[in-house]
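Notes follow the structure.
A short reminder: the numbers here are calculations on the coordinates, not readings from a lab. Remember, predicted model here, so these are calculated numbers, not experimental data. Neighbour counts run over all protein chains shown; Cβ positions are idealised from the backbone, glycine included.
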Amino acid sequence: MPLTHLLLALSVVFVWGTNFVVIRWGLDGLPPFLFAALRFAFSALPWLLLVPRPTAPWRKIAAFGVLLGVGQFGLLFLAMRSSISPGLASLVVQLQVFFTIGLSLWLMGERVRGFQVVGLLLALAGLGVIATHLDATVTLLGMAMVLSAAFFWSLANLVVKSLGPVNMLHFMVWSSVFAVPPLLALSWLIEGPHAMASGLQNASGLVWASVLWQAVGNTLFGYGVWNWLLARHPAATVTPLALLIPVFGMGASALSLGESLPQWKLGAASLVLLGLAVIVCWPLWQSRRRQPMP
């Protein structure tokens with residue numbers, strides 16, 4: 001991956017990692033499905049009036065919108081309302097990395113190279129350390145919902161991999177339209193019209209800022225750039241970078257929520273970073289070794 005592409009990927013990972021704290025702020029004022037519906041509504045409008053429809057089949061535009069909007073974020077927001085903490089949610093949802101690579105191997109014939117396996121194992125060890133030490137409140141239902149959200153994220157990644165050359169910003173805008181109706185329907189049926197109206201009437205400025213950040217920063221910028229990278233590089237190269245999300249998530253939680261950073265957390269973060277360094281830097285080192293000496 002070129003350095004410019006790597007820096008873009010890291011900026012997305014930073015936005016996504018710190019976003020779990022922002023999600024917590026939004027859920028303090030809005031029901032989860034309504035929060036998700038507003039997020040994708042603002043991702044579509046007014047931008048839908050300004051950008052042309054992407055050169056992709058309608059079925060893939062719709063499938064991505066539903067998988068990402070309802071499958072990933074509908075379930076993630078529902079779990080984060082009361083069943084799992086932001087830090088642990090940022091960790092568990094990263095299993096999408098392994099779901100994406102596994103599905104790519106099965107469906108698209110991609111192969112994982114030896115150094116990528118080593119890097120993934122190191123990063124997985126770091127995630128395992130975090131999982132065995134986190135003291136956040138979590139329920140079995142919350143874990144199941146976030147794992148399901150991770151699986152739906154991986155399916156959305158595969159839709160992107162099948163697109164070919166597409167303007168990803170346009171794709172994110174148009175696909176967001178298809179997430180809104182099912183999310184509003186779920187909010188009406190599960191949360192109820194009274195909770196929807198109360199949430200809208202009583203939402204604070206911080207809650208609305210959280211919604212707008214979800215739409216512009218997290219969705220349009222984050223997924224637009226991420227999908228652009230997935231369309232140009234193998235899934236096993238791009239998706240492991242998402243393992244940095246819980247590292248940024250823990251840092252944001254420490255700064256904004258006062259969570260401590262004991263030695264075991266720093267050790268786990270070091271394992272994740274080491275695994276990512278192997279995945280990202282090994283091919284660069286090998287290519288330099290092959291270059292002839294001047």
**Rel. contact order, % - alpha carbon contacts under 8 angstrom, at least six apart, the stretch 93-220** = 35
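Can you give the charge dipole size of the stretch 27-156 about its Cα centre, rounded to the nearest 20 debye, using +1 on the beta carbon of Lys and Arg and -1 on the beta carbon of Asp and Glu? Could you put the intermediate results ahead of the total?
Values: 7 positive and 3 negative charges, 93 e Å.
Computed about the Cα centre, the dipole is about 440 debye.
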**Message:** Can you compute the FRET efficiency between residue 131 and residue 51 using 1/(1 + (r/R0)^6), with r the Cβ-Cβ distance and R0 = 30 Å? Round to the nearest 0.05.
**Reply:** 0.15
**Item:** Neighbour net charge for residue 175 - beta-carbon separation under 12 angstrom, K R +1, D E -1
**Value:** +3
**Per-residue [θ]222 nm for the chain (sum of -39500 (n - 2.57) over DSSP H runs n ≥ 4, rounded to 500)** = -22500 deg cm²/dmol
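If each residue's Cβ is checked for other Cβ atoms within 10 Å, how do 170, 5 rank with the fewest at the top?
On the way: 170 20, 5 16.
Lowest count first: 5, 170.
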**Cα-projected label distance for residue 254 with residue 121, points at 7 Å along beta-carbon direction, nm** = 2.9
**Prompt:** Which distance in nm do the two modelled labels at residue 59 and residue 194 give, with both placed 7 Å along the Cα-to-Cβ direction?
**Reply:** 4.3
**Prompt:** Hey, got the dipole for the chain? About the Cα centre, +1 on K and R Cβ, -1 on D and E Cβ, debye to the nearest 20?
**Reply:** 920
**Prompt:** Given 4 °C and 1.567 mPa s, how large is the Stokes-Einstein diffusion coefficient of the stretch 3-290 in µm²/s, with Rh as the Kirkwood radius over Cα pairs?
**Reply:** 67
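Tell me, in nm to one decimal, what length is gained between residue 143 and residue 266 on full extension, where the rule is 0.36 nm per residue of separation less the Cα-Cα distance? Don't skip to the answer; put the middle values down first.
Values: separation 123, 0.36 × 123 = 44.28 nm, distance 2.34 nm.
Extra length from residue 143 to residue 266 when fully extended: 41.9 nm.
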